[in-house]
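*Asks:* Before I ask anything, here is the structure I am working with.
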Amino acid sequence: MTAYRGRPDYRHDSIPRSGVLLVNLGTPDAPTTSAVRRYLREFLWDPRVIEIPRLLWWCILQIILLVRPSRSAAAYRQVWTEQGSPLLIESQKQADGIRSQLGARCSGPVSVALGMRYGKPSIASALKELEDNNVQRLFVLPLYPQYSATTTGSVFDELASCLQQTRWLPELRFLTHYHDRPEYIRALADSVREHWEKNGRGEKLMLSFHGLPARYLTSGDPYHCECHKTARLLAEALGLEADEYVVSFQSRVGREEWLRPYTDETVEQLAKDGVGTLDVICPGFSADCLETLEEIAMQNAEIFTENGGAALRYVPCLNSREDHIRFLTTLCEENMHGWPEVGHGWSKHRTLADAERAQVLAKRLGADQ
């Protein structure tokens, strides 16, 4: 029998609020073998990520956790900063930016919390923070532009699991993707143009997305299609011809066939084909992380030069760019439409009066508070 989490300090004159839960993938607590092992154990055990029978995968995972954490920790140390993980730092900046803009745009207070699907801060801790602020209307924004069951689907699973322990469920709205939104495409295009203005235009633009096993596509996951739509729209915004850009997929592991073409193989071949300067952008990541800063800007840059290329130049993620924060805030506003704080329908005095009236009525029925 489920023991639901209660609110022993609940008051009937509490003022219900609207809130936003931002979710990104996650990061280890530190660039150490033990921290990375904890993170990988949680990440790789997710059945949404690895669709293999659990007993078989448990045996394989034990071997992986003996070998991979030390290698991954060394990679994390390449990108770690004095402030910590780049992904966590940028995600916190995004939450701060959205909180600030919602404060300026909305007529009432809106709570914003950040949760990571794996690692800390967890989705559970973010929900507790929102609950403590009496959030009863919740918009969940997974920071994955393209939908996949391995990412957005997994966020929903964890959200549902956490809410199963809650006595009072919030009114819930959940965004699944934003891969083709004009404001998102415009921000990507502007980031590329700014890169070109600063560094000169490369001979070709590569759009590298995180990969998935190919069988996920044949099983109905729309991720591959949404990546290609993002790429097509971005190429159109930049005025690129078909031979001026290439789409690829990175971060494959194991021997199974993944989405092709593979980024590292494509980078190597482009260098051998005589491409001198290659610009690379990763439109599937909302914030820079290990896969962009170490895998692309370091590993693949080295592959490119080792095979005859002059320079691979990485175009940073949108991170906390003003146009990106403005767009994410607009997504929040649109999906919170009709809630009291959004727009100009919220009144502090009326809300306080409603809360006081609710307390009076509750006490008539025997409530303590």
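The values are calculated or read from the model by the stated rules, or taken from the named source; none is laboratory data. Predicted model, so just to flag it, every value in this text is computed and none were measured. Using ideal geometry, Cβ is built from the backbone for each residue, glycine included, and neighbour counts are taken over all protein chains shown. For accessibility, only protein heavy atoms count, side chains too; no ligands or nucleic acids. Shrake-Rupley method; radii C 1.70, N 1.55, O 1.52, S 1.80 Å.
*Asks:* Could you tell me what percent of the accessible area of the chain is made up of carbon and sulfur, with a 1.4 Å probe and every protein chain present? If you can, show how the numbers build up before the last one.
*Replies:* Details: 9270 of 17540 Å².
Carbon with sulfur: 53 percent of the solvent-accessible area.
*Asks:* Residue by residue, what Karplus-based ³J(HN,Hα) values in Hz, rounded to whole numbers, does segment 335-340 have, using 6.51, -1.76 and 1.60 with θ = phi - 60° and x for Gly and Pro?
*Replies:* 7, 9, 4, x, 7, x
*Asks:* What does the accessible area of Tyr245 come to, in Å² to the nearest 10, when a probe of 1.4 Å is used?
*Replies:* My reading of the accessible area for Tyr245 is about 50 Å².
*Asks:* At what distance in nm do the modelled label points of Leu55 and Arg77 sit from each other, each positioned 7 Å from its Cα along Cα→Cβ?
*Replies:* Label-label distance for Leu55 and Arg77, simple model: 4.0 nm.
*Asks:* Another question, if that's okay. Of the candidates Cys317, Cys162, Cys227, which one comes out as most mobile in a Gaussian network treatment of the chain with C-alpha springs shorter than 10 Å?
*Replies:* Highest fluctuation of the listed residues: Cys162.
*Asks:* Which values of log₁₀ I(q)/I(0), to two decimal places, follow from the Debye formula for segment 1-160 at q = 0.16, 0.18 Å⁻¹ with a uniform point scatterer at every Cα?
*Replies:* -1.02, -1.18
*Asks:* Considering only protein heavy atoms, with the full assembly of protein chains and a 1.4 angstrom probe, order Glu302, Glu131 by accessible area, largest first.
*Replies:* On the way: Glu302 100, Glu131 30 Å².
So the residues, ranked largest to smallest area, are Glu302, Glu131.
*Asks:* List the residues, sorted by chain then number, that are 5 or more residues from Gly343 or on another chain and whose placed amide H is less than 5 Å from its amide H.
*Replies:* Ser107
*Asks:* Let me ask another. Work out, in µm²/s and without decimals, the Stokes-Einstein translational diffusion coefficient of segment 116-199 at 10 °C, 1.306 mPa s, Rh from Kirkwood over C-alpha pairs. Could the numbers behind the result be given before it?
*Replies:* Working: Rh = 14.9 Å.
It diffuses with D of about 107 µm²/s by this estimate.
*Asks:* Quick one: check the C-alpha center-to-center distance for segment 131-177 versus segment 206-261, whole angstrom.
*Replies:* Using only Cα atoms, the two centres lie 26 Å from each other.
*Asks:* Once ligands and nucleic acids are excluded and a 1.4 Å probe is used, how much of Lys272 is accessible, expressed in Å² to the nearest 10?
*Replies:* Accessible area of Lys272: about 110 Å².
*Asks:* Now for a different question. Starting from 0.36 nm per residue, how many nanometres of slack lie between Arg260 and Lys229 once their C-alpha separation is accounted for? Don't jump to the answer; show the numbers that get you there.
*Replies:* Details: separation 31, 0.36 × 31 = 11.16 nm, distance 1.56 nm.
Gain on extension, Arg260 to Lys229, equals 9.6 nm.
*Asks:* Is the shape of segment 20-66 rounded, prolate or oblate, going by the alpha carbon gyration tensor and its root eigenvalues a ≥ b ≥ c, with a/c under 1.5 for rounded and a/b larger than b/c for prolate? Present the calculation step by step, with values, prior to reporting the outcome.
*Replies:* Values: a/c = 4.25, a/b = 1.26, b/c = 3.36.
Oblate.
*Asks:* Could you give the length gained on full extension between Arg201 and Lys93, defined as 0.36 nm per residue of separation minus the Cα-Cα distance, in nm?
*Replies:* 36.0 nm
*Asks:* What figure, in Å² to the nearest 10, do you get for the accessible area of Arg232 with a 1.4 Å probe and non-protein molecules left out?
*Replies:* Roughly 110 Å² of Arg232 is accessible to a 1.4 Å probe.
*Asks:* Could I ask something else about it? Can you list the HN-Hα couplings for segment 222-238, worked out from phi with the Karplus curve (6.51, -1.76, 1.60; θ = phi - 60°), rounded to whole Hz and with x for Gly and Pro?
*Replies:* Calculated HN-Hα couplings, in order: x, 3, 4, 5, 5, 4, 5, 5, 4, 4, 5, 5, 5, 4, 5, 5, 8 Hz.
*Asks:* Related question: Provide, as a two-decimal number, the C-alpha radius of gyration of segment 256-347 over 2.2 N^0.38 Å, N being how many residues it has. Before the final figure, lay out each step's value.
*Replies:* Values: Rg = 19.6 Å, N = 92, 2.2 N^0.38 = 12.3 Å.
My calculation over the Cα atoms of segment 256-347 gives 1.60.
*Asks:* Here is a follow-up. State in Å² the accessible area per residue of segment 204-326; use a 1.4 Å probe, count heavy atoms of protein chains only, and round to the nearest integer.
*Replies:* Details: 5060 Å² over 123 residues.
Heavy-atom accessible area per residue stands at 41 Å².
*Asks:* With label points built 7 Å along Cα→Cβ from the Cα atoms of Thr330 and Arg105, find their separation and express it in nm.
*Replies:* Result: 0.8 nm between the two label points.
*Asks:* Be a star and scan segment 258-286 for residues whose amide nitrogen sits under 19 Å from the point 7 Å along the Cα-to-Cβ vector of Glu244.
*Replies:* Answer for segment 258-286: 275-283.
*Asks:* Continuing with this model, one more query. Pop a pseudo-label 7 angstrom from the Cα along the beta-carbon direction at both Trp45 and Arg215 and give the gap in nm to one decimal.
*Replies:* Placing both labels 7 Å beyond Cα along the Cβ direction yields 2.3 nm.
*Asks:* A follow-up question, please. What fraction of the DSSP beta bridges in the chain is antiparallel, stated in percent and rounded to the nearest 5? Don't skip to the end; give the middle numbers.
*Replies:* Details: 2 of 40 bridges.
Once the DSSP bridges in the chain are tallied, antiparallel ones form about 5 percent.
*Asks:* Counting only helical runs of four or more DSSP H residues, what would the 222 nm mean residue ellipticity of the chain come to if each run contributes -39,500 (n - 2.57) and the total is spread over all its residues?
*Replies:* Using -39500 (n - 2.57) per qualifying helix, the result is -14500 deg cm²/dmol.
*Asks:* Let me ask you something else. As an exercise, take the mean of 1/r over every pair of distinct alpha carbons in the chain, invert it, and state the Kirkwood radius in angstroms.
*Replies:* Values: mean 1/r = 0.0447 Å⁻¹.
This gives a value of 22.4 Å.
*Asks:* Residue-wise, which Karplus ³J(HN,Hα) couplings in Hz belong to segment 256-273, taking 6.51 cos²θ - 1.76 cosθ + 1.60, θ = phi - 60°, and x for glycine or proline?
*Replies:* 5, 5, 10, 4, 10, x, 7, 4, 5, 5, 5, 4, 4, 5, 4, 5, 5, 7
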